[in-house]
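First up is the structure itself, then whatever we jot down about it.
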Amino acid sequence: MHEKRLGIIAGGGQFPELIAKEAKKQGYYIAICGFINNTDESLKNFCDDFQILALGQLNKLINFYKQNAITEICFAGSINKPKALDIRPDMRATKLIFSLKTKGDDVLLRAIIGEFEKEGFTAISASHFLPDLKAPQGILTNNKIPPEIQEDMQYGFPIAKNMGSYDIGQCLIVKNGMVIAVECLEGTDATLKRAFELAGKNCVAIKVVKPNQDERIDLPSIGLKTIENLIEYNYAGLAIEANKTLFFDREKALALANKHKLHIIAL
(Lines give C-alpha, C1' and ligand atoms only; values in the text may rest on other atoms or scores of the structure.)
Protein backbone atom coordinates (compact mmCIF):
# COMPACT_ATOMS: atom_id res chain seq x y z
CA MET A 1 0.00 0.00 0.00
CA HIS A 2 1.18 3.54 -0.75
CA GLU A 3 2.18 5.40 2.40
CA LYS A 4 1.09 8.71 0.90
CA ARG A 5 -2.53 8.86 -0.20
CA LEU A 6 -4.07 12.07 -1.55
CA GLY A 7 -7.69 12.89 -2.28
CA ILE A 8 -8.24 15.74 -4.72
CA ILE A 9 -11.64 17.44 -4.58
CA ALA A 10 -11.65 18.72 -8.15
CA GLY A 11 -13.46 21.58 -9.81
CA GLY A 12 -12.86 22.86 -13.32
CA GLY A 13 -9.72 24.13 -15.02
CA GLN A 14 -6.20 22.76 -15.24
CA PHE A 15 -5.28 22.91 -11.54
CA PRO A 16 -6.51 19.41 -10.53
CA GLU A 17 -4.52 17.81 -13.35
CA LEU A 18 -1.37 19.76 -12.47
CA ILE A 19 -1.69 18.72 -8.81
CA ALA A 20 -2.31 15.08 -9.72
CA LYS A 21 0.75 14.94 -11.97
CA GLU A 22 3.01 16.52 -9.37
CA ALA A 23 1.67 14.35 -6.54
CA LYS A 24 2.24 11.25 -8.68
CA LYS A 25 5.89 12.29 -9.11
CA GLN A 26 6.10 12.46 -5.32
CA GLY A 27 4.81 8.90 -4.99
CA TYR A 28 1.23 9.53 -3.92
CA TYR A 29 -1.71 7.23 -4.47
CA ILE A 30 -4.38 9.61 -5.81
CA ALA A 31 -8.17 9.50 -5.71
CA ILE A 32 -10.05 12.32 -7.44
CA CYS A 33 -13.69 13.22 -6.99
CA GLY A 34 -15.22 15.76 -9.34
CA PHE A 35 -18.65 17.25 -9.86
CA ILE A 36 -21.25 17.16 -12.63
CA ASN A 37 -21.06 20.21 -14.94
CA ASN A 38 -17.79 21.33 -13.35
CA THR A 39 -15.05 18.72 -13.63
CA ASP A 40 -13.35 17.34 -16.74
CA GLU A 41 -13.73 13.56 -16.65
CA SER A 42 -10.38 13.14 -18.44
CA LEU A 43 -8.89 13.53 -14.94
CA LYS A 44 -9.50 9.80 -14.54
CA ASN A 45 -6.32 9.34 -16.63
CA PHE A 46 -4.18 10.97 -13.93
CA CYS A 47 -5.25 9.12 -10.79
CA ASP A 48 -5.77 5.70 -9.24
CA ASP A 49 -9.49 6.07 -8.61
CA PHE A 50 -12.03 8.58 -9.91
CA GLN A 51 -15.64 9.46 -9.21
CA ILE A 52 -18.11 12.13 -10.35
CA LEU A 53 -20.83 13.31 -7.96
CA ALA A 54 -23.51 15.96 -7.89
CA LEU A 55 -22.70 18.98 -5.75
CA GLY A 56 -24.06 18.45 -2.26
CA GLN A 57 -23.41 14.71 -1.96
CA LEU A 58 -21.13 15.23 1.02
CA ASN A 59 -21.55 11.80 2.57
CA LYS A 60 -20.71 10.02 -0.69
CA LEU A 61 -17.72 12.32 -1.13
CA ILE A 62 -16.31 11.46 2.30
CA ASN A 63 -17.05 7.75 1.90
CA PHE A 64 -15.26 7.68 -1.48
CA TYR A 65 -12.07 8.88 0.17
CA LYS A 66 -12.52 6.52 3.13
CA GLN A 67 -12.82 3.58 0.73
CA ASN A 68 -9.53 4.64 -0.84
CA ALA A 69 -7.83 4.95 2.58
CA ILE A 70 -7.01 8.58 1.84
CA THR A 71 -5.14 10.48 4.56
CA GLU A 72 -4.73 13.95 2.98
CA ILE A 73 -7.27 15.94 0.98
CA CYS A 74 -6.98 19.13 -1.04
CA PHE A 75 -9.32 21.35 -3.05
CA ALA A 76 -8.27 22.30 -6.59
CA GLY A 77 -10.16 23.96 -9.44
CA SER A 78 -13.15 26.22 -9.84
CA ILE A 79 -16.85 25.61 -9.21
CA ASN A 80 -19.49 27.32 -11.33
CA LYS A 81 -21.18 29.35 -8.60
CA PRO A 82 -24.47 30.19 -10.35
CA LYS A 83 -24.98 26.49 -11.12
CA ALA A 84 -24.06 25.71 -7.52
CA LEU A 85 -27.31 27.41 -6.51
CA ASP A 86 -29.03 24.30 -7.91
CA ILE A 87 -27.30 22.14 -5.31
CA ARG A 88 -29.32 19.21 -3.98
CA PRO A 89 -27.69 18.51 -0.63
CA ASP A 90 -27.82 15.13 1.06
CA MET A 91 -28.78 14.90 4.75
CA ARG A 92 -25.23 15.52 5.97
CA ALA A 93 -24.78 18.57 3.74
CA THR A 94 -28.22 19.90 4.67
CA LYS A 95 -27.42 19.68 8.37
CA LEU A 96 -24.09 21.43 7.76
CA ILE A 97 -25.64 24.24 5.70
CA PHE A 98 -28.36 24.93 8.25
CA SER A 99 -25.74 25.15 11.02
CA LEU A 100 -24.07 28.13 9.30
CA LYS A 101 -25.09 31.72 10.00
CA THR A 102 -23.80 32.86 6.61
CA LYS A 103 -23.14 30.90 3.44
CA GLY A 104 -20.29 32.70 1.67
CA ASP A 105 -17.63 30.70 -0.16
CA ASP A 106 -15.06 30.78 2.61
CA VAL A 107 -17.49 29.95 5.41
CA LEU A 108 -18.94 27.01 3.49
CA LEU A 109 -15.57 25.59 2.42
CA ARG A 110 -14.17 25.88 5.95
CA ALA A 111 -17.20 23.99 7.22
CA ILE A 112 -16.66 21.24 4.65
CA ILE A 113 -12.99 20.97 5.68
CA GLY A 114 -14.23 20.66 9.26
CA GLU A 115 -16.35 17.66 8.28
CA PHE A 116 -13.33 15.97 6.71
CA GLU A 117 -11.18 16.71 9.76
CA LYS A 118 -13.82 15.13 12.02
CA GLU A 119 -13.35 11.96 9.96
CA GLY A 120 -9.57 11.99 10.45
CA PHE A 121 -8.46 13.50 7.13
CA THR A 122 -5.76 16.18 7.00
CA ALA A 123 -6.59 19.12 4.74
CA ILE A 124 -3.62 20.63 2.90
CA SER A 125 -3.29 23.47 0.39
CA ALA A 126 -3.15 22.34 -3.23
CA SER A 127 -0.48 25.01 -3.73
CA HIS A 128 1.77 22.92 -1.45
CA PHE A 129 2.53 20.77 -4.50
CA LEU A 130 3.18 23.68 -6.88
CA PRO A 131 4.45 26.64 -4.81
CA ASP A 132 5.97 28.30 -7.89
CA LEU A 133 2.45 28.98 -9.18
CA LYS A 134 2.15 31.80 -6.64
CA ALA A 135 2.93 35.20 -8.15
CA PRO A 136 6.07 36.90 -6.74
CA GLN A 137 5.92 40.46 -5.45
CA GLY A 138 6.59 43.35 -7.81
CA ILE A 139 5.80 44.60 -11.31
CA LEU A 140 5.37 41.51 -13.47
CA THR A 141 5.19 43.21 -16.88
CA ASN A 142 7.98 45.05 -18.66
CA ASN A 143 6.83 48.64 -18.84
CA LYS A 144 6.78 51.22 -16.06
CA ILE A 145 3.27 51.66 -14.70
CA PRO A 146 1.87 55.17 -15.31
CA PRO A 147 1.04 57.12 -12.12
CA GLU A 148 -2.70 57.26 -12.81
CA ILE A 149 -2.87 53.46 -13.09
CA GLN A 150 -0.78 53.01 -9.95
CA GLU A 151 -3.15 55.33 -8.11
CA ASP A 152 -6.16 53.25 -9.10
CA MET A 153 -4.35 50.08 -8.00
CA GLN A 154 -3.43 51.57 -4.62
CA TYR A 155 -6.96 52.96 -4.24
CA GLY A 156 -8.70 49.68 -5.03
CA PHE A 157 -6.47 47.24 -3.15
CA PRO A 158 -7.62 48.05 0.43
CA ILE A 159 -11.24 48.30 -0.73
CA ALA A 160 -10.98 44.81 -2.25
CA LYS A 161 -9.58 43.57 1.05
CA ASN A 162 -12.45 45.12 3.01
CA MET A 163 -14.98 43.70 0.55
CA GLY A 164 -13.41 40.28 1.07
CA SER A 165 -13.97 40.52 4.80
CA TYR A 166 -17.69 40.15 4.03
CA ASP A 167 -16.94 36.92 2.09
CA ILE A 168 -18.44 38.35 -1.10
CA GLY A 169 -15.79 38.02 -3.80
CA GLN A 170 -12.09 38.40 -4.57
CA CYS A 171 -12.18 40.83 -7.51
CA LEU A 172 -12.91 44.55 -7.70
CA ILE A 173 -12.86 46.90 -10.71
CA VAL A 174 -11.96 50.59 -10.40
CA LYS A 175 -11.45 53.54 -12.74
CA ASN A 176 -10.43 57.11 -11.99
CA GLY A 177 -10.72 56.59 -8.25
CA MET A 178 -14.21 55.06 -8.44
CA VAL A 179 -15.42 51.51 -7.82
CA ILE A 180 -17.03 50.25 -11.02
CA ALA A 181 -17.89 46.62 -10.25
CA VAL A 182 -17.65 44.06 -7.45
CA GLU A 183 -17.39 40.32 -8.07
CA CYS A 184 -20.28 38.31 -6.70
CA LEU A 185 -21.63 34.95 -7.89
CA GLU A 186 -20.82 35.53 -11.57
CA GLY A 187 -17.05 35.08 -11.22
CA THR A 188 -14.08 37.17 -12.33
CA ASP A 189 -14.51 36.90 -16.10
CA ALA A 190 -18.11 38.07 -16.02
CA THR A 191 -17.19 40.89 -13.63
CA LEU A 192 -14.50 42.12 -16.04
CA LYS A 193 -17.03 42.21 -18.86
CA ARG A 194 -19.69 43.93 -16.78
CA ALA A 195 -17.29 46.69 -15.72
CA PHE A 196 -16.26 47.30 -19.33
CA GLU A 197 -19.91 47.60 -20.34
CA LEU A 198 -20.42 50.15 -17.55
CA ALA A 199 -17.28 52.25 -17.79
CA GLY A 200 -15.53 51.50 -21.08
CA LYS A 201 -11.78 51.15 -21.54
CA ASN A 202 -8.90 51.76 -19.12
CA CYS A 203 -10.42 50.12 -16.05
CA VAL A 204 -8.13 48.50 -13.48
CA ALA A 205 -8.86 45.09 -11.94
CA ILE A 206 -7.76 44.07 -8.44
CA LYS A 207 -7.85 40.51 -7.15
CA VAL A 208 -6.95 39.61 -3.55
CA VAL A 209 -7.22 36.97 -0.85
CA LYS A 210 -10.05 37.56 1.60
CA PRO A 211 -8.70 38.75 5.00
CA ASN A 212 -9.95 35.76 6.99
CA GLN A 213 -9.63 33.22 4.19
CA ASP A 214 -8.37 29.73 4.91
CA GLU A 215 -5.50 29.58 2.43
CA ARG A 216 -5.86 25.81 2.05
CA ILE A 217 -8.89 26.57 -0.12
CA ASP A 218 -10.01 28.90 -2.89
CA LEU A 219 -6.89 31.01 -3.38
CA PRO A 220 -7.41 33.70 -6.03
CA SER A 221 -6.14 32.68 -9.45
CA ILE A 222 -5.50 34.20 -12.85
CA GLY A 223 -4.21 32.78 -16.10
CA LEU A 224 -3.99 33.21 -19.84
CA LYS A 225 -7.78 33.45 -20.21
CA THR A 226 -7.87 36.26 -17.62
CA ILE A 227 -5.27 38.24 -19.57
CA GLU A 228 -7.09 37.65 -22.86
CA ASN A 229 -10.29 39.03 -21.30
CA LEU A 230 -8.51 42.06 -19.88
CA ILE A 231 -7.11 42.82 -23.32
CA GLU A 232 -10.45 42.22 -25.07
CA TYR A 233 -12.14 44.66 -22.69
CA ASN A 234 -9.34 47.25 -23.00
CA TYR A 235 -8.22 47.21 -19.37
CA ALA A 236 -5.28 49.37 -18.33
CA GLY A 237 -4.00 47.19 -15.52
CA LEU A 238 -4.34 44.32 -13.07
CA ALA A 239 -3.18 44.23 -9.44
CA ILE A 240 -3.01 40.88 -7.63
CA GLU A 241 -1.83 39.83 -4.19
CA ALA A 242 1.79 38.70 -4.09
CA ASN A 243 2.75 35.24 -2.80
CA LYS A 244 -0.91 34.24 -2.55
CA THR A 245 -2.44 34.53 -6.06
CA LEU A 246 -2.03 31.50 -8.33
CA PHE A 247 -0.81 32.56 -11.78
CA PHE A 248 -1.30 29.83 -14.40
CA ASP A 249 0.49 29.88 -17.78
CA ARG A 250 2.47 32.84 -16.44
CA GLU A 251 5.08 33.05 -19.19
CA LYS A 252 2.53 33.09 -22.04
CA ALA A 253 0.19 35.40 -20.14
CA LEU A 254 2.87 37.98 -19.38
CA ALA A 255 4.17 37.88 -22.96
CA LEU A 256 0.65 38.65 -24.17
CA ALA A 257 0.23 41.40 -21.57
CA ASN A 258 3.51 43.01 -22.61
CA LYS A 259 2.51 42.87 -26.26
CA HIS A 260 -0.69 44.80 -25.50
CA LYS A 261 0.86 47.11 -22.86
CA LEU A 262 -1.33 45.75 -20.08
CA HIS A 263 0.25 46.57 -16.71
CA ILE A 264 0.33 43.83 -14.07
CA ILE A 265 1.66 44.14 -10.52
CA ALA A 266 1.65 41.83 -7.49
CA LEU A 267 1.27 43.94 -4.35
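The values are calculated or read from the model by the stated rules, or taken from the named source; none is laboratory data. This structure is a prediction, so every number in the text was calculated from the model and none was measured. Here Cβ is always computed from backbone atoms with ideal geometry, including for glycine, and neighbour counts include all displayed protein chains. Note: areas computed on protein heavy atoms with side chains; ligands, DNA, RNA excluded. Shrake-Rupley method; radii C 1.70, N 1.55, O 1.52, S 1.80 Å.
Kindly indicate the residue of the range 193-233 that is part of a loop (DSSP other than H, G, I, E, B) and touching a strand residue (DSSP E or B) at 6+ places or on another chain (Cβ under 6 Å) and also most open to solvent (accessible area, probe 1.4 Å) among those meeting that condition.
Arg216
Please enumerate the residues belonging to the range 39-76 that are of a type in the set (D, E, K, R), closer than 15 Å to Gly11 by Cα and part of a helix (DSSP H, G or I).
Selection gives Glu41, Lys44.
Can Pro158 be described as open to solvent by 10 Å² or more (accessible area, probe 1.4 Å) and either more than 23 Å from Phe15 (Cα to Cα) or touching a Leu at 6+ places or on another chain (Cβ under 6 Å) (or both)?
Yes: the conditions hold for Pro158.
Return the residues of the range 35-64 that are within 23 Å of Thr94 (Cβ to Cβ), open to solvent by less than 60 Å² (accessible area, probe 1.4 Å) and in contact with a helix residue (DSSP H, G or I) (Cβ under 8 Å, 6 or more places away or on another chain); say none if nothing qualifies.
Across the range 35-64, the qualifying residues are Asn38, Thr39, Gln51, Ile52, Leu53, Leu55, Gly56, Gln57, Leu58, Ile62.
Go through the range 246-257 and give me each residue that's part of a loop (DSSP other than H, G, I, E, B) and either surrounded by fewer than 18 Cβ atoms within 10 Å (Cβ to Cβ) or at pLDDT below 95 (or both).
Let us first name the residues in the range 246-257 that are part of a loop (DSSP other than H, G, I, E, B), namely 248-249.
Passing the criteria: only Asp249.
Among the residues of the range 223-252, write down those that are touching a Phe, Trp or Tyr at 6+ places or on another chain (Cβ under 7 Å) and within 16 Å of Gly138 (Cα to Cα).
Ala239
Search the range 12-34 for residues being at pLDDT 95 or above and in a strand (DSSP E or B), and hand back the single one that is surrounded by the most Cβ atoms within 10 Å (Cβ to Cβ).
Once the filter is applied, the top-ranked residue is Ile32.
How many of the residues in the range 234-245 are touching a Lys or Arg at 6+ places or on another chain (Cβ under 7 Å) and either outside any loop (DSSP other than H, G, I, E, B) or over 28 Å from Ser125 (Cβ atoms) (or both)?
Going through the range 234-245 one residue at a time, the tally reaches 2.
Does Asp167 qualify as being of a type outside the set (Lys, Arg) and at pLDDT 95 or above?
no
Could you go through the range 105-127 and let me know if any residue there is in contact (Cβ under 8 Å) with a residue 60 or more places away in the chain, farther than 25 Å from Glu215 by Cβ and under 22 Å from the mean Cα position of the chain (by Cα).
First, the residues of the range 105-127 that are in contact (Cβ under 8 Å) with a residue 60 or more places away in the chain: 105-107, 109-110, 113, 121, 123-127.
In the following step, the residues that additionally are farther than 25 Å from Glu215 by Cβ were identified as none.
No, that holds for no residue.
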